[in-house]
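Remarks on the structure that follows.
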Amino acid sequence: MTSFSLRQVKLRPGEQYRDELEVELSPLDFGGQRYVPVPEQVPAAFGMTRANTGTVFTLAFTARLHGPCYRCLGDAVLEVPIEASEYQAESPEDEQMTTPYVTGANLDVSQWAHDAVALALPEKILCRPDCAGLCGECGKNLNDEPHTHAEEHGDPRWAALEALRQKQ
Ligand SMILES: [Zn+2]
Ligand SMILES: [Zn+2]
């Protein structure tokens, strides 16, 4: 897990600190499925800006997730660009103005990154935007085998005609 020690940076109001961090990402559970970050470690642009009453943290990176497609359960790869920011007030009375990712002098970058990715996920993760999904009749993948079951559900009168024709 990636964390950042806030002790290593001393900023005066108005000052800024920038760094490149290797952030370790953890798998996400989404819609009952598991999505694995590939690669597990991504480079992230990390920033700290000291304001008069607190510090603004920023984190930017792109996560690549691998997991099942919502429609066809095939492999889906999703790129999730993240630009997150958090604020930590200086005075501890100001509880609403603190980030949950700072504990003591430690910033939990991995947990922050994980939550930011979870919030940025689309409603449905698909292998491709026009994924045809699975056939409701037979369960086959309609991307691999486009088909319909029209004949079996055709007009019964045609079936009767067909039966008559075969008798002749
Ligand atoms: Zn699909
Ligand atoms: Zn089918």
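Bear in mind that the values in this text are calculations on the coordinates, not laboratory data. Please read all numbers here as calculations on a predicted model, not as lab measurements. FYI the Cβ positions are ideal-geometry reconstructions off the backbone, even for glycines, and counts take in every protein chain you see.
Using alpha-carbon pairs under 8 Å, 6+ residues apart, how would you state the relative contact order of the chain in percent? Provide the component values of the computation, followed by the final result.
Working: 281 pairs, mean separation 33.7, N = 168.
Contact order relative to length: 20 percent.
Can you give the longest run of the chain that contains no GluC sites (Glu not before Pro) sitting in a DSSP loop with at most 15 other Cβ atoms inside 10 Å? Please report the intermediate quantities before stating the final value.
Numbers: sites that count: Glu15, Glu40, Glu90, Glu93, Glu123, Glu137.
The segment 41-89 is the longest one with no such site.
Can you show me the helix-derived [θ] at 222 nm for the chain, built from DSSP H runs with n ≥ 4 at -39,500 (n - 2.57) apiece and divided by the number of residues, rounded to the nearest 500. Intermediate values should be presented prior to the final figure.
On the way: 2 runs with 24 residues, N = 168.
That comes out to -4500 deg cm²/dmol.
Say a paramagnetic label sat at a point 7 Å from the Cα of Leu121, along Cα to Cβ; which residues of the stretch 10-44 have their backbone N under 13 Å from it?
Output list for this probe position: 26-37.
Is the chain rounded, prolate or oblate when judged by the Cα gyration tensor, a ≥ b ≥ c being the square roots of its eigenvalues, rounded requiring a/c under 1.5 and prolate requiring a/b larger than b/c? Mind showing how you got there, number by number?
Values: a/c = 4.99, a/b = 3.87, b/c = 1.29.
In terms of gyration-tensor shape, prolate.
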